[in-house]
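S.K.: A single structure is presented below for examination.
The values are calculated or read from the model by the stated rules, or taken from the named source; none is laboratory data. This one's a predicted model, so the numbers in the text were calculated from it and none came from an experiment. Methodologically, a virtual Cβ is constructed for each residue, glycine included, from the backbone with ideal geometry; neighbour enumeration extends over all protein chains shown.
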Amino acid sequence: MKQELIDFPFQVIFKPFSSFWDLKYDNKGSLRASYLLIALTIIAFILQKQYAGFLVNYTDPRVINSLMDIVTVIIPFILWVVANWSITTLMDGEGKFTEIVKVTAYSLTPIVIVYIPMTFISRYMAQEETAFYYLMLSIASLWFVWLLFVGIMTIHQYSATKTIVTMVLTIIVMGIIVFLGALVLSMLQQIYDFIYNIYRELLFRT
């Protein structure tokens, strides 16, 4: 477990090409470690909102909702994996569904190792030092995108251009899924209201 959660993630962030190759062809990494990395990412965002210094934290403590923080990580993660698997299946991608899960989860490593310590460091920062805080968060986010790009390119055996196209299409499909999901929920709500109103009418008439 130490190798899966500590050694391999650090290998991924410094040697992404060889690491993701090992993930695909040597079965490095695991789903268990992937789930733990997702959980640590959720914790990182929760800690940031609750404990970041007041100079960089604009969240109203009265509206903090940890459940929403969980949803804002889990839902995009699931949407990304499903959308990418759907698109790459049509574009001759070689990556399996579980490999997409592992690549996406391991790519979150920079978020975990930067966000958590920077949250607590920010509590002792002066105003002129907050630029360093935002710089580190930006580096972590760009690092995540880079790792995700390399991972998707490696497991699907795509060129750089095809990987970029695939990732853009994945984001578009994510938006379509969200739109259709909202549309279905709206229709179900209308059907429920219709049935409920009929029930009330029949109840009052009797």
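S.K.: Return yes or no: is P110 assigned to a helix (DSSP H, G or I), in contact (Cβ under 8 Å) with a residue 60 or more places away in the chain and either surrounded by fewer than 16 Cβ atoms within 10 Å (Cβ to Cβ) or among the hydroxyl-bearing types (S, T, Y) (or both)?
M.R.: no
S.K.: With respect to Y25, determine if the residue is hydroxyl-bearing (S, T, Y), over 19 Å from the mean Cα position of the chain (by Cα) and within 21 Å of R123 (Cα to Cα).
M.R.: no
S.K.: Can you tell which of T72, T89 is closer than 17 Å to M153 by Cα, surrounded by fewer than 16 Cβ atoms within 10 Å (Cβ to Cβ), modelled with pLDDT under 95 and β-branched (V, I, T)?
M.R.: T89
S.K.: Assess whether E99 counts as being surrounded by 18 or more Cβ atoms within 10 Å (Cβ to Cβ), closer than 26 Å to I164 by Cα and among the acidic types (D, E).
M.R.: Values: surrounded by 18 or more Cβ atoms within 10 Å (Cβ to Cβ): yes; closer than 26 Å to I164 by Cα: yes; among the acidic types (D, E): yes.
Against the criterion (surrounded by 18 or more Cβ atoms within 10 Å (Cβ to Cβ), closer than 26 Å to I164 by Cα and among the acidic types (D, E)), E99 qualifies.
S.K.: Do you know which residues across the range 40-68 are basic (K, R) and over 22 Å from T109 (Cα atoms)?
M.R.: The answer is R62, and nothing else.
S.K.: In addition: How many residues does the range 42-68 hold that are more than 16 Å from A140 (Cβ to Cβ) and either modelled with pLDDT under 85 or over 18 Å from the mean Cα position of the chain (by Cα) (or both)?
M.R.: Qualifying residue count for the region: 15.
S.K.: Taking only pairs six or more apart or across chains, which ones have beta-carbon atoms under 9 Å, a first residue in the range 180-206 that is free of Cβ contacts under 8 Å to residues at least 60 places away in the same chain, and a second residue that is assigned to a helix (DSSP H, G or I)?
M.R.: Between residues of the range 180-206 that are free of Cβ contacts under 8 Å to residues at least 60 places away in the same chain and residues that are assigned to a helix (DSSP H, G or I), there is no close pair.
S.K.: Out of (1) exposed (fewer than 14 other Cβ atoms within 10 Å of the Cβ); (2) among the hydroxyl-bearing types (S, T, Y); (3) not in a helix (DSSP H, G or I), what's the single condition that is false for S138?
M.R.: Here S138 meets the rest and fails (3).
S.K.: Still on this structure, please answer the following. With S34, S19 as the choices, which residue is surrounded by 13 or more Cβ atoms within 10 Å (Cβ to Cβ), under 15 Å from the mean Cα position of the chain (by Cα), within 21 Å of S141 (Cβ to Cβ) and among the hydroxyl-bearing types (S, T, Y)?
M.R.: Numbers: S19 fails: under 15 Å from the mean Cα position of the chain (by Cα).
From the options S34, S19, the qualifying one is S34.
Residue-wise test of (1) under 18 Å from the mean Cα position of the chain (by Cα); (2) surrounded by 11 or more Cβ atoms within 10 Å (Cβ to Cβ); (3) farther than 19 Å from V103 by Cα.
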| position | (1), (2), (3) |
| --- | --- |
| H156 | no, yes, no |
| M167 | yes, yes, no |
| I177 | yes, yes, yes |
| L183 | no, no, yes |
| Q189 | no, no, yes |
| F194 | no, no, yes |
